[in-house]
Amino acid sequence: MSKRLVGAIAAVMLVSGCSGAEPTGFGGSSGGENAVRFVQQPWADLVVETEIAMQVLNKLGYTATTQEVAVPLAAEALATGRADAYLGNWWPSQQAVFTEHLDSGAVKVAGTVLEGTEYAPAVPGYVAEQLGVRSLADLDQHADAFERKIYGIEPGAPGNETISQAIAQDAYGLGDWELVASSTEAMLAEVSRRAAAGEAIVFLGWSPHWMTSEFNLHFLDDPQSVWPGAGQVRSLIRSELETADPNLVRFISQISVDTATASDFIRAVDKDGKPAETVAQEWMQAHPDRIEAWLQGVTSVNGEPAAQVVLSKAGG
């Protein structure tokens with residue numbers, strides 16, 4: 001890992017605890033009896049999905065917490081047993097970060113959270129139409145319009161790293177371009193500003209997300225196969241968890257949402273300004289059938305049927 005990437009990871013590492021417990025930190029090996037330590041990034045759908053999982057687990061007698069960290073640090077935490085689960089493994093876009101740990105068996109795939117994702121550099125629809133930019137190969141001939149900048153998200157994110165590598169390798173003639181890394185919120189604010197002015201911008205886009213409809217997004221073709229893309233979001237666990245708590249692993253493996261639900265979560269948090277905790281509670285109350293499906297064959301820490309325990313406390 002490069003010094004630049006290590007520095008980026010350290011710069012964006014934020015620690016936060018949710019759902020009724022203080023964060024356990026990455027210093028301990030287990031976090032205590034019935035503790036469940038999630039890791040996440042500040043992506044609204046992931047934050048809500050993790051919040052739902054934590055609220056469910058707390059009702060079942062677990063003590064669930066989460067930490068917000070860069071993707072590479074999440075991988076390291078799972079691999080070294082300092083975190084238990086991660087619901088945001090975009091695949092294959094995170095392949096470079098997680099393959100080593102998956103191949104060694106230190107980290108395992110528990111299940112698939114979401115199918116049918118897209119993740120690639122993109123332009124608003126008006127840019128695609130006005131400039132004819134539909135491929136990464138089209139960018140450099142309009143370099144001045146784009147100010148030779150590609151806007152990314154949080155430092156350390158695999159998508160940013162792929163863009164940086166493409167620039168370093170002068171792929172598509174982008175060698176004199178610049179990656180502008182900031183945050184998801186800052187990137188989308190810049191897109192909104194430029195869209196309002198009808199200005200050109202290329203940025204790291206993904207779906208599901210409200211940006212796809214808001215900006216009539218066009219994901220850029222990649223004829224040189226520089227970009228790994230994405231097809232699904234998976235749940236990951238530290239390998240020892242399979243033996244330590246198969247009941248917990250069963251629950252994590254059954255967590256799944258569709259693209260419409262994920263988009264709703266993102267819009268509720270990012271556009272409507274609702275707290276993730278509130279979005280999670282409202283969704284659980286409105287979708288007991290989905291919670292019941294997630295809890296098929298799962299029990300509380302006391303051995304009670306999980307669905308019965310959680311749904312009886314759905315309003316609490």
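Filtered by the rule that a residue be in contact with a strand residue (DSSP E or B) (Cβ under 9 Å, 6 or more places away or on another chain) and surrounded by fewer than 20 Cβ atoms within 10 Å (Cβ to Cβ), the range 118-130 gives Glu118, Gly125, Ala128, Glu129. Look through Gly156, Gly175 and report the one residue that is at positive phi, among the small types (Gly, Ala, Ser) and not in a strand (DSSP E or B). So the residue among Gly156, Gly175 that is at positive phi, among the small types (Gly, Ala, Ser) and not in a strand (DSSP E or B) is Gly156. Remark: pairs (first residue in the range 160-171, closer than 13 Å to Tyr119 by Cα and of a type in the set (A, V, I, L, M); second residue open to solvent by 10 Å² or more (accessible area, probe 1.4 Å) and outside any helix (DSSP H, G or I); Cβ separation under 8 Å; 6+ apart in sequence or on different chains) = Ile163/Leu179.
Every residue, every condition in (1) of a type in the set (Gly, Ala, Ser); (2) modelled with pLDDT of 95 or more; (3) over 18 Å from Gly152 (Cβ atoms); (4) in contact with a helix residue (DSSP H, G or I) (Cβ under 8 Å, 6 or more places away or on another chain), yes or no:
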{"residue": "Gly175", "(1), (2), (3), (4)": "yes, yes, no, yes"}
{"residue": "Leu204", "(1), (2), (3), (4)": "no, yes, no, yes"}
{"residue": "Val249", "(1), (2), (3), (4)": "no, yes, yes, yes"}
{"residue": "Lys271", "(1), (2), (3), (4)": "no, no, yes, no"}
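In the range 284-305, the count of residues that are touching a Lys or Arg at 6+ places or on another chain (Cβ under 8 Å), assigned to a helix (DSSP H, G or I) and more than 24 Å from Glu100 (Cα to Cα) is zero. When every residue of the range 30-41 is checked against the conditions, none turns out to be free of Cβ contacts under 8 Å to residues at least 40 places away in the same chain, open to solvent by less than 10 Å² (accessible area, probe 1.4 Å), out of contact with any helix residue (DSSP H, G or I) (no Cβ under 6 Å at 6 or more places or on another chain) and within 24 Å of Gln165 (Cα to Cα). When Ala268 is tested against the conditions (1) surrounded by fewer than 20 Cβ atoms within 10 Å (Cβ to Cβ); (2) touching a residue at least 12 places away in the same chain (Cβ under 8 Å); (3) under 25 Å from Ala122 (Cβ atoms), the lone failure is (1). Could we say that Arg194 is assigned to a helix (DSSP H, G or I), open to solvent by 50 Å² or more (accessible area, probe 1.4 Å) and basic (Lys, Arg) here? In short, no.
Answer yes if at least one residue in the range 280-291 is open to solvent by less than 30 Å² (accessible area, probe 1.4 Å) and under 17 Å from the mean Cα position of the chain (by Cα), and no otherwise.
Yes: the range 280-291 contains one or more residues that are open to solvent by less than 30 Å² (accessible area, probe 1.4 Å) and under 17 Å from the mean Cα position of the chain (by Cα).
One line per residue, one yes/no per condition, for (1) part of a loop (DSSP other than H, G, I, E, B); (2) in contact with a helix residue (DSSP H, G or I) (Cβ under 9 Å, 6 or more places away or on another chain); (3) modelled with pLDDT of 95 or more; (4) buried (at least 24 other Cβ atoms within 10 Å of the Cβ):
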| residue | (1), (2), (3), (4) |
| --- | --- |
| Val6 | no, yes, no, no |
| Ala11 | no, no, no, no |
| Cys18 | yes, yes, no, no |
| Pro23 | yes, no, no, no |
| Gly28 | yes, no, no, no |
| Glu49 | no, yes, yes, yes |
| Ala64 | no, yes, yes, yes |
| Ala77 | no, no, yes, no |
| Tyr86 | no, yes, yes, yes |
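Among the residues of the range 218-237, the one identified as modelled with pLDDT of 95 or more and small (Gly, Ala, Ser) is Ser235.
On inspection, Ile150 passes the criterion of being open to solvent by less than 10 Å² (accessible area, probe 1.4 Å) and either out of contact with any Cys (no Cβ under 8 Å at 6 or more places or on another chain) or on the phi > 0 side of the Ramachandran plot (or both).
If I filter the range 295-310 for residues that are acidic (Asp, Glu), open to solvent by 60 Å² or more (accessible area, probe 1.4 Å) and more than 24 Å from Glu33 (Cα to Cα), do I get at least one hit?
no
The values are calculated or read from the model by the stated rules, or taken from the named source; none is laboratory data. Keep in mind that what you see is a predicted model, and the values were worked out from it rather than measured. Backbone-built Cβ (ideal geometry, glycine too); neighbour counts: all protein chains shown. Remember, those area values only see protein heavy atoms, side chains included, never the ligands or the DNA or RNA. Shrake-Rupley method; radii C 1.70, N 1.55, O 1.52, S 1.80 Å.
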